[in-house]
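Only one structure is covered here, and it is reproduced in the block below.
The values are calculated or read from the model by the stated rules, or taken from the named source; none is laboratory data. Please read all numbers here as calculations on a predicted model, not as lab measurements. Heads up, the Cβs are rebuilt from the backbone with ideal geometry, glycines too, and the neighbour counts pull from every protein chain shown.
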Amino acid sequence: MNCPIVITKICFMGSKTKPDRNKKDSVIIREPIAQNTGGGRARQDQIADICEISFHVKLKESPLAKKDVPVTLKKFGHYYHILVMASVIGRLSTKQSEMVETCARLGVRYAGKIIKEPNGMYARFTRIIQ
Amino acid sequence: MRDSQELFSDQLFPDHCLGRSGIYLPHIEPAEAEDVLVSCMNPSGTNIVTCRDPRIDSFLREVGGLAFDVAPSISVLVQDPYIPIFDYRTIKLAYQVKSDVVGLTLSDILINRLKLVAGYYTLKKISFREAAIIRQLCLHKKVVLFLTGQDVLIETVWHQRSVCELFQQLSMMGFWAVTGFNFSVFGGECPVAQRLNQKKSLVSSMLLEENGLFAIPHIYAVNDFHITQYQQWLKRNPHIRLLTMNCQMQRSTEDIEQVVRTAQAILIINEKLHIILQGYRFSEVHRFDGFLDRIHIAESKPVKYGQAFRSVEPAVTVKAGQYKKDAYKGLVVENIEYRRHELRKILTRVSK
């Protein structure tokens, strides 16, 4: 059996003279475990534990679901709905809705835009810490 | 004591680096703050801990302050200038190469490696691979574990090192030596963050040694202040014979010159000192004329190329479908031998 050429992804990492970090390699540095002396957990650490850096949600088929279009989240009942302008094009799961709600109290919001994947359109949400 | 002018300046420019006031002397020179290009205000604590992070004291306590006052007490030595780095998929091929010393990296010893989820690297859980396979290799080769990788990986494993019993796991695997963690140091960022990461790396070497492992300290300098501090550290620790520097991201002339400047400046301090440059380009080896007998290059290129059914020999072109599924194994071994030979040729040619 012949095998097609597979391009192996090489990810560089380490240090540099210019501050041009890889945006995909983003992590909240958590407070050292043994060093927290009972003053409660820092906001950054709570965010790192609770608020996913990004997530995506499959969208319903809609003429509004176009690549790169920004989307917003609005809560209706228990769920956050995904909107383009005023039209609903998707919905977060219960777990995702709870996370967005909790994270909002920690000063975190999620910015969303539509991306195209081979199996359809998705809304990708990225954590913004205020 | 900070004078009123500095306090006034702080109020006017709240994102100024606190290092400029001299409060971190002698570890951070006020002049280093002049090179800051990215605001020290990093409220989320993303990737680095800056002078403005309210948790900074916790991080400083963890590493015992910013002084370069720790070093492993025993140093290992390597002879071979070339160190191939394998990954877990190709680990068994390491038996077939002539190299006495071979490398693995942190992600190769973890089961659930980093995954790209919704555009970002994520590490859900730290779980180690079965130690037996790695231990078996360590009985036949001197295996160096390079603690390099993405920040997400490095910082998560470091933070969870006690919970996941990192050092016990490494001991069970039987590594010949383990490098210090390569915490990221980027020019233009807060000098406190830079210095903290340099110190964390040295502390990680010390912890490795405390847990019965031979440690190879990792260093990285982005300016002359850093170089001087490392020089002084080496003068205080003349028993250190081997260091490592991750050069995988150094592709621009400026970055390469910085690597060379750093490596030469530290090699001058101790004529018995060697350095392993991880991922350094062969085409830039000539820059180390005068130090070539103390330079070692570790790289994963031949392994990665082999797995992609590519030869590292520029003259060899591979067509899609030319190779059978298992042919990558032979290619990996051929690629490694070719690179080892190439490096020897370059070293001989340059040193003539």
**Asked** Which one of these does A:Ile82 not meet: (1) under 25 Å from B:Pro43 (Cβ atoms); (2) surrounded by 12 or more Cβ atoms within 10 Å (Cβ to Cβ)?
**Response** (1)
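Which residue out of B:Leu234, B:Leu277, B:Leu213, B:Leu243 is part of a helix (DSSP H, G or I) and of a type outside the set (D, E, K, R)?
Details: B:Leu277 fails: part of a helix (DSSP H, G or I); B:Leu213 fails: part of a helix (DSSP H, G or I); B:Leu243 fails: part of a helix (DSSP H, G or I).
Going through B:Leu234, B:Leu277, B:Leu213, B:Leu243 in turn, just one is part of a helix (DSSP H, G or I) and of a type outside the set (D, E, K, R): B:Leu234.
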**Complete:** Flagged in the range B:305-327 as part of a helix (DSSP H, G or I), more than 8 Å from chain A (Cβ to nearest Cβ) and touching a Phe, Trp or Tyr at 6+ places or on another chain (Cβ under 7 Å), in numbering order, are B:Gly306
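Yes or no, residue by residue, for (1) more than 11 Å from chain A (Cβ to nearest Cβ); (2) at pLDDT below 95:
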{"position": "B:Val117", "(1), (2)": "no, yes"}
{"position": "B:Leu123", "(1), (2)": "no, yes"}
{"position": "B:Lys142", "(1), (2)": "yes, no"}
{"position": "B:Glu155", "(1), (2)": "no, no"}
{"position": "B:Phe167", "(1), (2)": "yes, no"}
**Prompt:** Of A:Arg105, A:Arg30, A:Arg109, which residue is within 11 Å of chain B (Cβ to nearest Cβ) and either more than 12 Å from A:Arg124 (Cα to Cα) or loosely packed, with under 12 Cβ neighbours inside 10 Å (or both)?
**Reply:** A:Arg30
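Consider B:Lys142 carefully, then state whether it is farther than 29 Å from B:Asn237 by Cα and out of contact with any helix residue (DSSP H, G or I) (no Cβ under 7 Å at 6 or more places or on another chain).
The answer is no for B:Lys142.
Can you tell me which residue is farthest from the other protein chains (Cβ to nearest Cβ) among those in the range B:30-61 that are in a helix (DSSP H, G or I) and touching a residue at least 12 places away in the same chain (Cβ under 8 Å)? Steps first, answer last, please.
Taking the range B:30-61 as the starting set, the residues that turn out to be in a helix (DSSP H, G or I) are B:30-35, B:56-61.
Among the residues that remain, those that are also touching a residue at least 12 places away in the same chain (Cβ under 8 Å) are: B:31-35, B:56, B:59-60.
Details: B:Ala31: 17, B:Glu32: 14, B:Ala33: 14, B:Glu34: 15, B:Asp35: 10, B:Ile56: 10, B:Phe59: 6, B:Leu60: 9 Å.
Here the answer is B:Ala31.
Among B:Val203, B:Val260, which is the only one that is under 30 Å from B:Met172 (Cα atoms) and surrounded by fewer than 24 Cβ atoms within 10 Å (Cβ to Cβ)?
B:Val203
Looking at B:Leu77, is it within 14 Å of chain A (Cβ to nearest Cβ), of a type in the set (A, V, I, L, M) and surrounded by fewer than 19 Cβ atoms within 10 Å (Cβ to Cβ)?
Values: within 14 Å of chain A (Cβ to nearest Cβ): no; of a type in the set (A, V, I, L, M): yes; surrounded by fewer than 19 Cβ atoms within 10 Å (Cβ to Cβ): yes.
In short, no.
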**Fill in**
Counting only residues that are at positive phi and over 22 Å from the mean Cα position of the chain (by Cα), the range B:21-65 contains a total of 1
**Prompt:** Got a number for residues in the range A:66-79 being surrounded by 13 or more Cβ atoms within 10 Å (Cβ to Cβ) and under 11 Å from A:Lys113 (Cβ atoms)?
**Reply:** 3
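In this structure, is B:Leu147 modelled with pLDDT of 95 or more and within 14 Å of another protein chain (Cβ to nearest Cβ)? Walk me through how you get there before you give the answer.
Values: modelled with pLDDT of 95 or more: yes; within 14 Å of another protein chain (Cβ to nearest Cβ): yes.
So B:Leu147 passes the test.
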**Request:** Take B:Gly212 and decide whether it is at pLDDT 95 or above and surrounded by fewer than 21 Cβ atoms within 10 Å (Cβ to Cβ).
**Result:** yes
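Is there a residue in the range B:217-234 that is touching a residue at least 60 places away in the same chain (Cβ under 8 Å), buried (at least 24 other Cβ atoms within 10 Å of the Cβ) and of a type outside the set (Gly, Ala, Ser)?
Initially, the range B:217-234 is screened for residues touching a residue at least 60 places away in the same chain (Cβ under 8 Å), giving B:217-218, B:223, B:225, B:229-230, B:232-233.
Subset that is buried (at least 24 other Cβ atoms within 10 Å of the Cβ): B:217-218.
Then drop every residue that is not of a type outside the set (Gly, Ala, Ser), which leaves B:217-218.
Yes, the range B:217-234 contains at least one residue that is touching a residue at least 60 places away in the same chain (Cβ under 8 Å), buried (at least 24 other Cβ atoms within 10 Å of the Cβ) and of a type outside the set (Gly, Ala, Ser).
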**Message:** Of everything in the range B:142-180, what is in contact with a Pro (Cβ under 8 Å, 6 or more places away or on another chain) and hydroxyl-bearing (Ser, Thr, Tyr)? Give them in sequence order.
**Reply:** B:Thr179
**Request:** State whether one or more residues within the range B:101-120 are in contact (Cβ under 8 Å) with a residue 40 or more places away in the chain, over 24 Å from B:Ala177 (Cα atoms), assigned to a helix (DSSP H, G or I) and not aliphatic (A, V, I, L, M).
**Result:** no
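A:Arg21 - would you say it is in contact with a His (Cβ under 8 Å, 6 or more places away or on another chain), modelled with pLDDT of 85 or more, surrounded by 17 or more Cβ atoms within 10 Å (Cβ to Cβ) and within 7 Å of chain B (Cβ to nearest Cβ)? It would help to see each step written out before you state the result.
Values: in contact with a His (Cβ under 8 Å, 6 or more places away or on another chain): no; modelled with pLDDT of 85 or more: yes; surrounded by 17 or more Cβ atoms within 10 Å (Cβ to Cβ): yes; within 7 Å of chain B (Cβ to nearest Cβ): yes.
It is false that A:Arg21 is in contact with a His (Cβ under 8 Å, 6 or more places away or on another chain), modelled with pLDDT of 85 or more, surrounded by 17 or more Cβ atoms within 10 Å (Cβ to Cβ) and within 7 Å of chain B (Cβ to nearest Cβ).
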**Every residue from the range B:169-222 that is polar (S, T, N, Q) and either at positive phi or within 14 Å of chain A (Cβ to nearest Cβ) (or both)** = B:Thr179, B:Asn182, B:Ser184, B:Gln194, B:Asn197, B:Gln198, B:Ser201, B:Ser204
**Request:** Confirm whether B:Ser184 is assigned to a helix (DSSP H, G or I), of a type outside the set (A, V, I, L, M, F, W, C) and in contact with a Lys or Arg (Cβ under 9 Å, 6 or more places away or on another chain).
**Result:** no
